[in-house]
Amino acid sequence: MLAAWYERQGNATEVLRVGEMPDPVPGPGEVRVRLTVSGINPGDTKKRSGWLGNPMAFERVIPHSDGAGMIDAVGSAVDKARVGQRVWVYGAQSYRPFGTAAQLTVVPERQAVVLPAGISDDLGACLGIPGITAHRCVFSDGPVVGKRVLVHGVLGGVSSMAAQLARWNSASVVGTVHRSSDIREVDPAICDVVVALSDPHPAAAIRELFPDGADRVIEVSLSDNIDLDAAVVANGAVIAAFASRAESPHVPFWPLLFANVTLRMLGSDDFPASPKQRAVEDLTDAADEGALTAPIAARYPLSAIARAHDHVDAGGHGRILLTIPDQ
């Protein structure tokens, strides 16, 4: 098979290689997926670069955890009827060496989720890390029907999914963006109202929309926004944080304490199995109902994976995908 890999960490152009590797063989309880699309997440490029000094867990890594394609082989103890199913894949490179930047990948069968006919491979390849993280941010503390949900960074992959899932569950959703000029980029279907954090008084603007405060806050940059969050939460609110620009953020203890706030930290690789399965089911249902979108910023061929990684590292809005060749 054709695949991309790295054997040391560093800059994308220096360490990523593309070439032939032996076809993987599914073991007991596993399926092999012939991929059409590989989704790239910031976590994938951080692993490659050695972010935070974390070493490689394997001698060779085929990157990326998310993708979509069709099952073409199964291991023992897997129903052979699964061969030929269109699926979306998550966690392919979570504690495993070989991900979706290849023509073939092997995963435990539960991590190859049947893709309904109405869902494109592109969207399927965008559901894994962003969707499951978003689901846990929104639903870790129960349904949000009728609740007020504030989602920061709503143009980002996780936050966009979180806003859409909250609306799918009948919440009122206010999203934030960096600058006023970003507001026009937000799809009106994603959230009810958008507030720019660069505005003179964003807390007042959010309070005008949520006079009784936000019941849930989905936080993309805890270190930057925690003071604002403390000013707009309702009593008993949950702040669900999946990222922080500063490693050791300042926390306004007394305002959060008096509001009885729960501060929840969420890391996608380590969610418990049962909530992760619920997330997978809900994401598939929401996508099938047309409640989820994932704007694509760019597509690159597998041969240009280094350029794709550089694009992700440069930031910006929209998902970056690799298209995987048939032959």
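The values are calculated or read from the model by the stated rules, or taken from the named source; none is laboratory data. Keep in mind that this is a model prediction, so the values were computed, not measured. Glycine also receives a Cβ, built like all others from the backbone with ideal geometry; neighbour counts cover every protein chain displayed.
Test ALA189 against the stated conditions and say whether it is within 21 Å of GLY146 (Cβ to Cβ) and part of a loop (DSSP other than H, G, I, E, B).
Values: within 21 Å of GLY146 (Cβ to Cβ): yes; part of a loop (DSSP other than H, G, I, E, B): yes.
The answer is yes for ALA189.
Any idea which residue in segment 249-265 is nearest to ALA203 (Cα to Cα), counting only those that are aliphatic (A, V, I, L, M) and either in a strand (DSSP E or B) or in the same structural domain as SER120 (by TED's automatic domain parsing) (or both)? It comes out as LEU263.
Criterion applied to ALA231, ALA246, ALA237 was being within 20 Å of HIS178 (Cβ to Cβ), assigned by TED's automatic domain parsing to the domain that holds VAL138 and not in a helix (DSSP H, G or I), and the one residue passing it is ALA246. Among the residues of segment 127-148 satisfying the criterion of being over 11 Å from the mean Cα position of the chain (by Cα) and β-branched (Val, Ile, Thr), which is farthest from LEU266 (Cα to Cα)? Ranking the qualifying residues of segment 127-148, first place goes to VAL145.
Of the residues making up segment 48-83, just one is among the basic types (Lys, Arg) and within 22 Å of VAL280 (Cβ to Cβ), namely ARG82.
Kindly indicate whether GLN327 is surrounded by fewer than 20 Cβ atoms within 10 Å (Cβ to Cβ) and assigned to a helix (DSSP H, G or I). The answer is no for GLN327. Is it the case, given these coordinates, that VAL173 is of a type outside the set (Lys, Arg), in contact with a helix residue (DSSP H, G or I) (Cβ under 6 Å, 6 or more places away or on another chain) and in the same structural domain as VAL233 (by TED's automatic domain parsing)? For VAL173, the condition - of a type outside the set (Lys, Arg), in contact with a helix residue (DSSP H, G or I) (Cβ under 6 Å, 6 or more places away or on another chain) and in the same structural domain as VAL233 (by TED's automatic domain parsing) - is met.
Scoring ALA81 on the criteria (1) small (Gly, Ala, Ser); (2) more than 24 Å from VAL261 (Cβ to Cβ); (3) not assigned by TED's automatic domain parsing to the domain that holds ARG319 leaves a single failure, condition (3). Given the criteria surrounded by 15 or more Cβ atoms within 10 Å (Cβ to Cβ) and β-branched (Val, Ile, Thr), does VAL114 qualify? No. Counting the residues of segment 24-36 that are surrounded by fewer than 16 Cβ atoms within 10 Å (Cβ to Cβ) and either of a type in the set (Val, Ile, Thr) or on the phi > 0 side of the Ramachandran plot (or both) gives 2.
Would you call THR100 in a loop (DSSP other than H, G, I, E, B) and touching a Leu at 6+ places or on another chain (Cβ under 8 Å)? It is true that THR100 is in a loop (DSSP other than H, G, I, E, B) and touching a Leu at 6+ places or on another chain (Cβ under 8 Å). Among all residues of segment 303-315, there is at least one that is modelled with pLDDT under 95 and either surrounded by 15 or more Cβ atoms within 10 Å (Cβ to Cβ) or in a loop (DSSP other than H, G, I, E, B) (or both). Going by the conditions given, is ARG96 within 19 Å of LEU283 (Cβ to Cβ) and among the basic types (Lys, Arg)? Considered against the rule, which asks whether it is within 19 Å of LEU283 (Cβ to Cβ) and among the basic types (Lys, Arg), ARG96 comes out as no. Taking the criterion of being under 16 Å from ASP227 (Cα atoms) and among the polar types (S, T, N, Q), the residues of segment 176-208 that qualify are THR176, SER198. Please verify whether THR13 is within 25 Å of the chain's Cα centre (by Cα), part of a helix (DSSP H, G or I) and closer than 24 Å to PRO325 by Cα, treating the condition exactly as stated. Yes. In this structure, ASP224 does not qualify as within 20 Å of PHE253 (Cα to Cα) and buried (at least 24 other Cβ atoms within 10 Å of the Cβ). Of all the numbered requirements in (1) closer than 30 Å to PRO22 by Cβ; (2) of a type outside the set (Lys, Arg); (3) in contact with an Asp or Glu (Cβ under 8 Å, 6 or more places away or on another chain); (4) assigned to a strand (DSSP E or B), LEU322 misses one, and that requirement is (3). Looking across segment 37-94, the residues that are surrounded by fewer than 18 Cβ atoms within 10 Å (Cβ to Cβ) and assigned to a helix (DSSP H, G or I) come down to LYS46, SER49, TRP51, LEU52, GLY53, LYS80, ALA81, ARG82.
Just need a number here: residues in segment 242-284 that are of a type in the set (Val, Ile, Thr) and either under 19 Å from ASN169 (Cβ atoms) or in contact with a Pro (Cβ under 8 Å, 6 or more places away or on another chain) (or both). Even if it seems obvious, please write down each step before you answer.
Keep residues of segment 242-284 that are of a type in the set (Val, Ile, Thr), which gives 251, 261-262, 280, 284.
If we keep only those that are either under 19 Å from ASN169 (Cβ atoms) or in contact with a Pro (Cβ under 8 Å, 6 or more places away or on another chain) (or both) too, we end up with 262, 280, 284.
Final tally of qualifying residues: 3.
The residue of segment 136-175 that is surrounded by the fewest Cβ atoms within 10 Å (Cβ to Cβ), among those that are of a type in the set (D, E, K, R) and part of a loop (DSSP other than H, G, I, E, B), is ASP141.
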